[in-house]
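Written out below as structure tokens is the structure these notes cover.
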Amino acid sequence: MVVPEIRVQAEPFDLAAEVARISVGRQDIGAVVTFTGLCRSENGALAALELEHYPGMAEDELRRVADDAIRRWPLDGVIVIHRYGKLRPGDSIVLVVTASAHRQAAFESANYLMDYLKTRAPFWKKEHASDGSSGDWVAAKQADEQAADRW
């Protein structure tokens, strides 16, 4: 039984270390897919993106959807890391790592996890504008909702 590794943290993560965590010493894994989401500057308009969450609830919900991915695809490992706090353009926000014997399962499950994270994960994002003005809370985009609906 695969147990997903779920972390919600303020600190940056190390992509290479996380890939090694899921794959070193394993001979059954034929594919590791990673996705790293980064904070964008929105063409210089964004100074920071502040992410909030409910501790405990966020981890439980991420674990629930990771367990669902494990039921849907033949996975040999799953890592989901989501950061919180005030992040600057270029900072990493989220990491999804999936491992499987075959690439299709790794790709599809990573895509599924990201579609969920973009639309339904219990995180709230507030923009901080470069001009110092208070920005808006960010809502899920229609295209993200449509992508999630396919699952």
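Flag not set for Asp136, criterion: surrounded by fewer than 20 Cβ atoms within 10 Å (Cβ to Cβ), charged (D, E, K, R) and under 16 Å from the mean Cα position of the chain (by Cα). Only one of the numbered conditions (1) crowded, with 16+ Cβ neighbours inside 10 Å; (2) farther than 22 Å from Gly135 by Cβ; (3) of a type in the set (D, E, K, R) is violated by Arg83, and that is (2).
Within region 3-31, being over 15 Å from the mean Cα position of the chain (by Cα) and surrounded by 15 or more Cβ atoms within 10 Å (Cβ to Cβ) holds for Ile22, Ser23, Ile29, Ala31. Among the residues of region 89-103, are any in contact with a His (Cβ under 6 Å, 6 or more places away or on another chain) and closer than 16 Å to Glu5 by Cβ? Looking for residues that are in contact with a His (Cβ under 6 Å, 6 or more places away or on another chain) and closer than 16 Å to Glu5 by Cβ, one finds at least one in region 89-103, hence yes.
Against the criterion of being more than 21 Å from Arg21 (Cα to Cα), surrounded by 14 or more Cβ atoms within 10 Å (Cβ to Cβ) and not hydrophobic (A, V, I, L, M, F, W, C), His128 qualifies.
Residues that are in a helix (DSSP H, G or I), within 23 Å of Phe13 (Cβ to Cβ) and either touching a residue at least 24 places away in the same chain (Cβ under 8 Å) or touching a Cys at 6+ places or on another chain (Cβ under 8 Å) (or both) occur in region 129-145; there is at least one.
Annotation note: Cβ proximity below 6 Å between a residue of region 96-109 that is under 23 Å from Val8 (Cβ atoms) and a residue that is outside any helix (DSSP H, G or I) and at pLDDT below 95 (sequence gap 6+ or interchain) occurs for no pair. Within region 28-104, which strands (runs of 3 or more DSSP E) (wholly inside it) include 2 or more residues that are farther than 27 Å from Ala139 by Cα? Here the list reads 31-38, 75-83, 92-100. Of all residues in region 86-117, those satisfying the criterion of being surrounded by fewer than 18 Cβ atoms within 10 Å (Cβ to Cβ) and within 21 Å of Leu46 (Cβ to Cβ) are Lys86, Arg88, Pro89, Gly90, Asp91, Ser92. Residues in region 1-27 that are part of a loop (DSSP other than H, G, I, E, B) and either in contact (Cβ under 8 Å) with a residue 60 or more places away in the chain or not small (Gly, Ala, Ser) (or both): Met1, Val2, Val3, Pro4, Ala10, Glu11, Pro12, Phe13, Asp14, Val24, Arg26, Gln27.
The values are calculated or read from the model by the stated rules, or taken from the named source; none is laboratory data. Worth saying up front: this structure is predicted, and the values here are computed from it rather than measured. All Cβ positions, even for glycine, are placed from backbone atoms using ideal geometry, and neighbour counts span all protein chains on display.
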